[in-house]
Amino acid sequence: ALRPAGRQWVSLPLFRFEILLALPPGHALCAKRVVRAADLQGQTLITYPAPDARIDIIREVLQPAGISLPRRTAELTIAILQLVASRRGVAALPNWALKPSVDSGYVQARRIGARGLWSELYATVPRDLAQRPYVHDLVDIARQSIATRLDGVQLL
């Protein structure tokens, strides 16, 4: 478990973001505007080292379509991007994490599914601290910073 047992927690909303498919320049899937689950057959998926249930593209796109891809993991976003750029697989990453690499031409990005693959991020704090003014101030500062620094996010 990620949280100590016996303590109650509260999740405070931060923002919503789209997860995009990262591809090496010139990859066949770059010809598509939108990538669907079936298009990923035969690809290697590069992810963070986390259980399938915590990887959005696996849980929300591949498993419902009955598709299982070979998987390679890396702990750092930059390492995942290097693996993608060197044609060792594809990855599903937040739009804001991909933007600098897409802008520089290092990788390409495509929408996953007709409506996109969206996720939400929350700050989780112990319930007994959740009503403290400094906690709300910290979350407000984080939200303001996110709104001004990250493209393509929607505050919750």
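Of the residues that make up the range 107-117, is at least one open to solvent by 70 Å² or more (accessible area, probe 1.4 Å), without any contact (Cβ under 8 Å) to a residue 24 or more places away in the chain and either closer than 23 Å to GLN154 by Cβ or in contact with a Leu (Cβ under 7 Å, 6 or more places away or on another chain) (or both)? Within the range 107-117 (the criterion being open to solvent by 70 Å² or more (accessible area, probe 1.4 Å), without any contact (Cβ under 8 Å) to a residue 24 or more places away in the chain and either closer than 23 Å to GLN154 by Cβ or in contact with a Leu (Cβ under 7 Å, 6 or more places away or on another chain) (or both)), the answer is yes, since at least one residue qualifies.
Inspect all residues belonging to the range 73-87 and state whether any of them is touching a strand residue (DSSP E or B) at 6+ places or on another chain (Cβ under 8 Å), open to solvent by 40 Å² or more (accessible area, probe 1.4 Å) and charged (D, E, K, R).
The answer is no; no qualifying residue exists.
Filtering the range 46-72 to residues that are in a loop (DSSP other than H, G, I, E, B), open to solvent by 80 Å² or more (accessible area, probe 1.4 Å) and within 18 Å of GLY116 (Cα to Cα) leaves GLN63, PRO64.
Output the residue which, of all residues in the range 88-102 that are open to solvent by 30 Å² or more (accessible area, probe 1.4 Å) and out of contact with any Ser or Thr (no Cβ under 8 Å at 6 or more places or on another chain), is farthest from SER145 (Cα to Cα). Only one residue fits best here, namely VAL102. Taking each residue of the range 74-89 that is within 17 Å of ILE19 (Cβ to Cβ) and in a loop (DSSP other than H, G, I, E, B) and looking for partners that are open to solvent by less than 30 Å² (accessible area, probe 1.4 Å) and among the polar types (S, T, N, Q) with beta-carbon atoms closer than 9 Å, six or more apart or interchain, yields ALA74/THR47.
In the range 115-135, the condition of being out of contact with any helix residue (DSSP H, G or I) (no Cβ under 6 Å at 6 or more places or on another chain), among the polar types (S, T, N, Q) and over 20 Å from CYS30 (Cβ atoms) is met by at least one residue.
Okay, residues lined up against (1) more than 15 Å from the chain's Cα centre (by Cα); (2) over 18 Å from GLU120 (Cα atoms); (3) not acidic (Asp, Glu):
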residue	(1), (2), (3)
GLN8	yes, yes, yes
PRO13	yes, no, yes
PHE17	no, no, yes
ALA22	no, yes, yes
HIS27	yes, yes, yes
GLN63	yes, yes, yes
SER68	yes, yes, yes
LEU98	no, no, yes
VAL107	yes, yes, yes
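I'd like the full set of residues that are more than 15 Å from VAL35 (Cβ to Cβ), in contact (Cβ under 8 Å) with a residue 24 or more places away in the chain and not in a helix (DSSP H, G or I), limited to the range 90-106.
PRO94, GLY105, TYR106
Within the range 127-156, the set of residues being within 28 Å of ALA85 (Cα to Cα), open to solvent by 80 Å² or more (accessible area, probe 1.4 Å) and assigned to a loop (DSSP other than H, G, I, E, B) comprises ASP151 only. Residue count for the range 86-134 under the criterion of being among the β-branched types (Val, Ile, Thr) and in contact with a Pro (Cβ under 9 Å, 6 or more places away or on another chain): the result is 2.
Given the condition over 24 Å from VAL153 (Cα atoms) and at pLDDT below 95, answer yes or no: does some residue in the range 77-90 qualify? Scanning the range 77-90, I find no residue that is over 24 Å from VAL153 (Cα atoms) and at pLDDT below 95, so the answer is no. Residue selection: THR124 fails the criterion of being in a helix (DSSP H, G or I), open to solvent by 50 Å² or more (accessible area, probe 1.4 Å) and either out of contact with any His (no Cβ under 8 Å at 6 or more places or on another chain) or of a type in the set (Ser, Thr, Tyr) (or both).
The values are calculated or read from the model by the stated rules, or taken from the named source; none is laboratory data. Nothing here was measured: the structure is a model prediction, and the numbers come from that model. Glycine also receives a Cβ, built like all others from the backbone with ideal geometry; neighbour counts cover every protein chain displayed. Accessible surface areas use protein heavy atoms only, side chains included; no ligands, DNA or RNA. Shrake-Rupley method; radii C 1.70, N 1.55, O 1.52, S 1.80 Å.
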